[in-house]
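**Student:** Okay, handing you the structure first.
The values are calculated or read from the model by the stated rules, or taken from the named source; none is laboratory data. The structure displayed is predicted, hence computed values, not measured ones. Counting neighbours? That spans all protein chains shown, and the Cβs are built from the backbone with ideal geometry, glycine included. Just the protein is used for accessible areas: all its heavy atoms, side chains included, with ligands, DNA and RNA removed. Shrake-Rupley method; radii C 1.70, N 1.55, O 1.52, S 1.80 Å.
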Amino acid sequence: MSDHERYMRMAVELAKGGTGFVNPNPLVGAVIVKNGRVIGCGYHRKYGELHAERNAFASCTESADGADIYVTLEPCCHYGKTPPCTEAVIENGIRRVFIGSSDPNPKVAGKGAAILREHGIEVYEGILKEECDSLNEIFFHYITAKTPYVILKYAMTADGKIATFTGKSKWITSDASREHVQHTRKRTAAIMAGIGTVLADDPALTCRLADSGTHARIICDSSLRIPEDCGIMKTAADIPTYIATVSSDEEKISAIERAGAHVIKTEASEGRVYLPELMKYLASELHIDSILLEGGAELAYSALRSGIVNKVQVYMAPKIFGGAGAKSAVGGAGVDFPDDAFMLSCPAVSTIGDDILIEYKVGGE
């Protein structure tokens, strides 16, 4: 491993410290090196606060004049909630900048690197690009597509069941797998479920990790069947909660809003919430950059059919339930022919104890 890769890998690990706190901003880490020694490091800690480069400069143990900086994402060059990071790099006398990922944000998109070069700074791009890109698959999608990055997650048995024929589902996977899900919850800005899951399980839909930020909850409830005494409604005043519907029941809408939740009305698609419209609203109005879709075989099918899903996470337990009437992970009408299947690609397989986690991208390669 070259020194450049070693320092960039340090920056990648630093960037992960912002997980769950910087949305809808990207995860970014920075390391400052002078005469072969690390003299400063930092990462973007929280949305609205200093970016990685400025935190790294603030931590320097000596002057950064003539030093190199390794940063996982191209430095920004525009004014937002904080001043441009390119200014900080120039003002601190940095000699060389090593960049992992280019920033697809139209406000940056190569302009940051160009400004640095115009000031006589050497810029090298694409250092550990694949690892740096993987940090920000959420941000890259959100900033270019202007919709949330949606992860469909489900746990199933080796024969594809998400519950027994009696409807019992606790628990299919191990404690370790369920803990792993919490880390995905932490990474995403919102957790979404269908009303069927709320009625059947009365879930909290929160991240149980101690160091987690606040995440929104979105319930797709086309007919406004959500009970006023369920756990989600009881905590709606404390946790951002959004009920998506096509109903015009003003009395129920008023009751939901009095409890502290917010109602989002969309156009109807076959009598149900029109998911593409909901996604655009969540991104543009609420700045929700990512969603973990958990719970609801019908919602899973609707989400896949509408094309809003970007990634599928399948937790598979070494169990077989059997049962012709036992539910599978994706419901709905299903496709007519094998060639009509929702195609997945780029499988990444890992083990969590005796369970298997398979992560796919949605669509062809």
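**Student:** For the subset of region 1-22 comprising residues that are among the small types (Gly, Ala, Ser) and out of contact with any Ser or Thr (no Cβ under 7 Å at 6 or more places or on another chain), which member is surrounded by the fewest Cβ atoms within 10 Å (Cβ to Cβ)? Explain how you work it out, then say what you get.
**Tutor:** Of the residues in region 1-22, the ones among the small types (Gly, Ala, Ser) are 2, 11, 15, 17-18, 20.
Restricting the remaining residues to those that are out of contact with any Ser or Thr (no Cβ under 7 Å at 6 or more places or on another chain) gives 2, 17-18.
Values: SER2: 8, GLY17: 17, GLY18: 22.
Looking at the filtered set, the residue picked out is SER2.
**Student:** Of the residues in region 224-239, how many are more than 24 Å from the chain's Cα centre (by Cα), part of a loop (DSSP other than H, G, I, E, B) and either basic (Lys, Arg) or exposed (fewer than 15 other Cβ atoms within 10 Å of the Cβ) (or both)?
**Tutor:** Total meeting the criteria: 4.
**Student:** Continuing with the same structure: Among the residues of region 183-203, which ones are part of a loop (DSSP other than H, G, I, E, B) and open to solvent by 60 Å² or more (accessible area, probe 1.4 Å)?
**Tutor:** Scanning region 183-203 gives a single hit, ASP202.
**Student:** So PRO75 passes all but one of these: (1) crowded, with 24+ Cβ neighbours inside 10 Å; (2) modelled with pLDDT of 95 or more; (3) touching a Cys at 6+ places or on another chain (Cβ under 9 Å). Which condition number does it fail?
**Tutor:** Result: PRO75 fails condition (2) only.
**Student:** Residues in region 30-46: is at least one under 15 Å from the mean Cα position of the chain (by Cα) and among the hydrophobic types (A, V, I, L, M, F, W, C)?
**Tutor:** For region 30-46, residues under 15 Å from the mean Cα position of the chain (by Cα) and among the hydrophobic types (A, V, I, L, M, F, W, C): absent.
**Student:** Please determine, by comparing only the residues of region 253-308 that are out of contact with any Lys or Arg (no Cβ under 9 Å at 6 or more places or on another chain) and of a type in the set (Lys, Arg), which one is farthest from TYR149 (Cα to Cα).
**Tutor:** Among residues in region 253-308 that are out of contact with any Lys or Arg (no Cβ under 9 Å at 6 or more places or on another chain) and of a type in the set (Lys, Arg), the one farthest from TYR149 (Cα to Cα) is ARG258.
**Student:** Sticking with this one: Restricting the search to region 159-183, which residues are of a type in the set (Lys, Arg) and more than 24 Å from the chain's Cα centre (by Cα)?
**Tutor:** LYS161, LYS168, LYS170
**Student:** Give the residue that is modelled with the lowest pLDDT, with candidates limited to residues of region 78-112 that are part of a loop (DSSP other than H, G, I, E, B) and open to solvent by less than 40 Å² (accessible area, probe 1.4 Å).
**Tutor:** So, considering only residues that are part of a loop (DSSP other than H, G, I, E, B) and open to solvent by less than 40 Å² (accessible area, probe 1.4 Å), the one modelled with the lowest pLDDT is THR82.
**Student:** Considering only region 195-234, state which residues are touching a helix residue (DSSP H, G or I) at 6+ places or on another chain (Cβ under 6 Å), under 17 Å from GLY260 (Cα atoms) and of a type in the set (Gly, Ala, Ser).
**Tutor:** The answer is ALA204, and nothing else.
**Student:** Can you tell me which residue is least open to solvent (accessible area, probe 1.4 Å) among those in region 23-63 that are β-branched (Val, Ile, Thr) and not in a strand (DSSP E or B)?
**Tutor:** Among them, the one singled out is VAL28.
**Student:** Output the qualifying pairs, or none if there are none: Cβ atoms under 7 angstrom, residues six or more apart or on different chains, first residue in region 107-123 and more than 15 Å from GLU53 (Cβ to Cβ), second residue among the polar types (S, T, N, Q) and modelled with pLDDT under 95.
**Tutor:** Once the first residue is more than 15 Å from GLU53 (Cβ to Cβ) and sits in region 107-123, its partners that are among the polar types (S, T, N, Q) and modelled with pLDDT under 95 give GLY110/SER102.
**Student:** Given the criterion modelled with pLDDT under 95 and either surrounded by fewer than 18 Cβ atoms within 10 Å (Cβ to Cβ) or under 18 Å from THR173 (Cβ atoms) (or both), identify the matching residue among ALA329, ALA317.
**Tutor:** That would be ALA329, the only listed residue that is modelled with pLDDT under 95 and either surrounded by fewer than 18 Cβ atoms within 10 Å (Cβ to Cβ) or under 18 Å from THR173 (Cβ atoms) (or both).
**Student:** Could you give me the residue pairs with C-beta distances under 7 Å whose first residue belongs to region 326-340 and is in a loop (DSSP other than H, G, I, E, B), whose second residue is β-branched (Val, Ile, Thr) wherever it lies, and which are 6+ apart or on separate chains?
**Tutor:** Every condition considered, the pairs that remain are ALA326/THR164; LYS327/ILE162; ALA329/ILE162.
**Student:** Can you work out which of the residues in region 158-179 that are out of contact with any Gly (no Cβ under 9 Å at 6 or more places or on another chain) and under 22 Å from LEU344 (Cα atoms) is least open to solvent (accessible area, probe 1.4 Å)?
**Tutor:** GLY160
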